[in-house]
Amino acid sequence: MRTLILAAAITALSFTANAEETKQSQCAEIADFAGNIMTLRQLGKPMADTFKLLGGKEPARTMIIQAYET
């Protein structure tokens with residue numbers, strides 16, 4: 001019984017570690033994407049071109065619109 005509990009605890013910890021790595025990876029990707037949007041905006045690229053380059057699907061669309069509105 002102890003072995004089963006120990007195995008379950010180790011498995012739970014590994015899932016938690018993997019979930020944290022996934023969150024960090026996703027956060028880094030979103031930060032890079034936002035940086036690309038701002039770079040294009042600051043270079044004077046039209047919003048329509050940014051949609052074409054980076055995609056017009058959510059949440060990219062919302063990020064692009066917000067970057068160009070400010």
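Residues of the stretch 24-60 that are basic (Lys, Arg) and modelled with pLDDT of 90 or more: 41, 45.
For the stretch 39-65, a residue qualifies if it is more than 24 Å from residue 27 (Cα to Cα) and not in a helix (DSSP H, G or I), and the qualifying residues are 43, 44, 45, 46.
The values are calculated or read from the model by the stated rules, or taken from the named source; none is laboratory data. Note that the structure is a prediction, hence the values are computed from the model and not measured.
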